[in-house]
Amino acid sequence: MTTLAQELTETVSKAFAAEGLDPALGVVRPSDRPDLAQFQVNGAMAAAKAAKANPKAIAEKIVTRLKGDPRIAKLEVAGPGFINISLTDAEISKHVNKLRDDERAGVPKRDKPQTVIVDFGGPNIAKTMHAGHLRSLVIGDALQKLFRFVGDTVISDVHFGDWGLQMGQLITEVEREQPNLPYFDPNFKGPYPNQSPVTMEDLEVIYPRASAACKADPARLEEARKATAELQAGRPGYRALWEQFRAVSFAGVRREFNALGVHFDWWKGESDVDKLVAPMVADLVKRGLAVESEGALVVRIEEPGDKKELPPLIVQKSDGAALYETTDLATIVDRVKAADPDLILYVVGQPQHDHFEKVFRGARKARLNGKASLEHIGFGTVNGPDGKPFRTRAGGTVKLFDLIEQAKAESLKRLSEQGLAQDYPQAEREEIARQVGLAAIKYADLKNQRLTNYVFDLARFTQFEGETGPYLQYQAVRIQSLLKKAEEQGFKPGSIQIEDAAERDLVLLLDRLPDAIDQAILKRAPNVLSDHAFSVAQAFSRFYAAHHILSGQNEALRASRLAVCRLVLTQFAVVLGLLGIEIPERM
Ligand code: ARG
């Protein structure tokens, strides 16, 4: 559905055209001064500049053309040449009544849907996910939901870090500890055991130990290199053991994803493109794009106008091994072949910016990306109160799973303090605490501009007042319970008749959702949407405080206000859903 601003834009553009001016200048947007008007047009200033004319005079001419439009209640020229427009309550009412049965809260689908791959999460074998992974998961999930909502074909890919030297380090470390396992016997004919010789907890200990040992001892590093090469060449015992590492690690991250409620379409990994690397490199060499440099094969990616020097993209190290950048390049080849996407988004921390810049340039230079735009969607860090990346008291990383558990516990406490969900069954209280805890951490993350860092502060995130996830949930639950009560008393929502300011402000804000979603998608910025959600919650709160909806005497008014409440709830369901936040049934 079109918004009021869009409908007005159509009219005002025609007025500009009728004056011989660029119709594109007739854009109508919500007013910066809602105390003066509902909408404003700034185009007269630009038109005046182009025509070397007086902006006020141009604005007056436009206003004259708009006069008599029955939808418009107030029309004036303000300041240097702004056109202020306010609509009649009848027009606003007519418009929002069209939204009453729309489950999409007025948000249209795209005319031309695209195929989008969202690469996020990025867990690694043998490493438990920690607080540092939270942002990629929360932002990536919101983005996949946003693009899907407007009708794009979206494929989310977890892109597991399951290849490379770390694998050899793990294999050799396990061999040292349990040398008699069949995986290490080159003469073993199989089958290999079904059961993994190590658990996720074991891997978490083994990996740092192996990595430290390789740093300290070049011989040990060489051993790990050799094992990596043999694994990649297909040595059966190593492959079988590596499969066990993968299975154990997958189960671990699956637990975290489930806890967060995040879904992936593809569970591909770096290893999946291993077979693509050699032909890709050969092709790059053949086309003269990859050249030899100090024994390695590199693609030069500098571009005129570069402010800083970017080293070349290494597609093959001097020992023949592939690097992180090689796998990422081959992954583009794989993705183009599998899905021919229009866009690939990489939701990965800002420190990897240069890595992606190199990979993207390499891909474009070699035309490996098909029709896909490649974009790094970077983000800042989650910090502790000391302003440094969030850690436990002992200085270790905070596991994502523990973080979620803490959020649940804190929310349970907060519910008690607020006297919410008090006499509910224990299981329901815990379920609500889970929903509130997740809302708290997700909203606190998404409300920031992606690239800024923020301080992890559960006590603040779980508050029911202020700009928090729980506050939004609380407003939504309040509407649910009001609508339920209304139903019990036999009151039905009916035709909306805008009567007063609180109500008018609220529905005008609701009408801005399509624009908020557009902007969030365009800027890859979920915070635009979370800002909108917060504004709606505040406007609803004012509306709710201003009216006794159920106890009022006027039946038509009550039906109208119930319908407004239902619109708000539908919008919350859409918006919070896109942010990955659930609405509890009651609280
Ligand atoms: N596993 C990587 C890491 O831990 C993140 C992967 C991000 N995605 C990608 N296509 N490189 O740093």
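The values are calculated or read from the model by the stated rules, or taken from the named source; none is laboratory data. As the structure is a computational prediction, the values presented were derived from the model and not from experiment. Note that we place each Cβ from the backbone using ideal geometry, even for glycine, and neighbour counts take in every protein chain shown. Just so you know, the surface numbers come from the protein's heavy atoms only, side chains and all, with ligands and any DNA or RNA stripped out. Shrake-Rupley method; radii C 1.70, N 1.55, O 1.52, S 1.80 Å.
Once you order the gyration tensor axes a ≥ b ≥ c over the Cα atoms, which shape class does the chain get: rounded for a/c under 1.5, otherwise prolate or oblate by comparing a/b with b/c?
Verdict is oblate for the chain.
If you scale each eigenvalue of the Cα gyration tensor by 5 and take the root, what three semi-axes come out for the range 90-228, rounded to whole angstrom and sorted largest first? Numbers along the way, then the final one.
Values: eigenvalues 528, 51, 36 Å².
Ellipsoid semi-axes (Å, largest first): 51, 16, 13.
Divide by every residue of the chain the summed helix terms, -39500 (n - 2.57) for each DSSP H run of at least 4, and state the resulting mean residue ellipticity at 222 nm, rounded to the nearest 500 deg cm²/dmol. Walk me through the numbers before you get to the answer.
Numbers: 20 runs with 306 residues, N = 587.
Helix contribution divided over all residues of the chain: -17000 deg cm²/dmol.
Taking the mean number of other Cβ atoms within 10 Å as a proxy for protection, how do you rank 211-222, 186-197 from highest to lowest?
On the way: 211-222: 13.9, 186-197: 10.8.
Listed from highest to lowest mean packing, they are 211-222, 186-197.
Enumerate the residues in the range 214-244 having an amide nitrogen under 13 Å from the point lying 7 Å beyond the Cα of Asp185 toward its Cβ.
237
Exceeding 31 Å between C-alpha atoms, which entries from my cross-link table qualify? They are Lys337/Lys523; Lys275/Lys365; Lys14/Lys523; Lys61/Lys523; Lys308/Lys442; Lys98/Lys408.
Those over the limit are Lys61/Lys523; Lys308/Lys442; Lys98/Lys408.
Can you work out the FRET efficiency for the pair Arg209 and Leu522, with r the C-beta to C-beta distance and R0 = 56 Å, to the nearest 0.05?
Details: r = 47 Å, r/R0 = 0.83.
About 0.75, to the nearest 0.05.
Modelled label-to-label distance, Ala73 and Arg391, 7 Å Cα→beta-carbon offset: nm?
Each label point is offset 7 Å from its Cα along the Cβ direction, giving 5.9 nm.
How would you order 157-164, 102-109 from highest to lowest mean count of nearby Cβ atoms within 10 Å?
Values: 157-164: 23.4, 102-109: 15.8.
Listed from highest to lowest mean packing, they are 157-164, 102-109.
If a/c stays under 1.5 just call it rounded; otherwise compare a/b with b/c (prolate if a/b is bigger, oblate if not). Do that for the range 461-587, with a ≥ b ≥ c from the square roots of the Cα gyration tensor eigenvalues. Provide the component values of the computation, followed by the final result.
Details: a/c = 2.10, a/b = 1.55, b/c = 1.35.
It comes out prolate by the Cα gyration axes.
What does the extension gain come out to for Ser481 and Ala90, with contour length at 0.36 nm per residue minus their alpha carbon separation? Numbers along the way, then the final one.
Details: separation 391, 0.36 × 391 = 140.76 nm, distance 2.89 nm.
That works out to 137.9 nm of additional length.
Starting from the Cα of Asn453, step 7 Å toward the Cβ, then list every residue of the range 357-390 with an amide N under 15 Å from that point.
Correct set: 379-390.
Would you please state which residues of the range 553-587 a label at Glu465 would reach in this model, taking the label point 7 Å out along Cα→Cβ and a backbone N cut-off of under 19 Å?
The answer is none.
Going by the alpha-carbon gyration tensor, a ≥ b ≥ c the square roots of its eigenvalues, is the range 35-103 rounded (a/c under 1.5) or, if a/c is not under 1.5, prolate (a/b greater than b/c) versus oblate?
Values: a/c = 2.85, a/b = 2.35, b/c = 1.21.
Because a/c hits 1.5 or more and a/b exceeds b/c, the range 35-103 counts as prolate.
Can you give the net charge of the other residues whose Cβ lies under 14 Å from the Cβ of Asp423, counting K and R as +1 and D and E as -1?
Numbers: positive: Arg429, Arg586; negative: Glu428.
Surrounding charge for Asp423 is +1.
For the range 123-144 and the range 285-299, what is the centre-to-centre distance using only Cα atoms, to the nearest Å?
Using only Cα atoms, the two centres lie 34 Å from each other.
Which FRET efficiency value, to the nearest 0.05, is calculated for Met1 and Val285 with the Förster distance at 56 angstrom and r the Cβ-Cβ distance? Could you put the intermediate results ahead of the total?
Values: r = 54 Å, r/R0 = 0.97.
With R0 = 56 Å, the Cβ-Cβ based efficiency is 0.55.
Between Phe401 and Ala247, what FRET efficiency follows from the Cβ-Cβ distance if R0 is 25 Å, with the result rounded to 0.05? Please list the in-between numbers first.
Working: r = 18 Å, r/R0 = 0.73.
Efficiency for this residue pair is about 0.85.
Rounded to the nearest whole Å², what accessible area per residue is found for the range 111-190 with the 1.4 Å probe? Provide the component values of the computation, followed by the final result.
On the way: 2640 Å² over 80 residues.
Counting only protein heavy atoms, the per-residue value for the range 111-190 is 33 Å².
How large is the charge dipole for the chain, taken about the Cα centre, if only the Cβ atoms of Lys, Arg (+1) and Asp, Glu (-1) carry charge, to the nearest 20 debye? List each step's numbers first, then the result.
Numbers: 76 positive and 79 negative charges, 203 e Å.
The dipole of the chain has a size of about 980 debye.
Counting Lys and Arg as +1 and Asp and Glu as -1, what is the net charge of the other residues whose Cβ lies under 14 Å from the Cβ of Leu137? Write down the numbers at each step before the final one.
On the way: positive: Arg135, Lys145, Arg254, Arg255, Lys399, Lys442, Arg450; negative: Asp119, Asp141, Asp157, Glu256, Asp445.
Around Leu137, the charge tally is +2.
At q = 0.10, 0.11 Å⁻¹, what log₁₀ I(q)/I(0) does the range 325-451 have when each alpha carbon counts as one equal point scatterer in the Debye sum?
Debye intensities relative to I(0), on a log10 scale: -0.54, -0.62.
Given the C-alpha centroids of the range 52-103 and the range 203-263, what is the distance between them in whole angstrom?
64 Å
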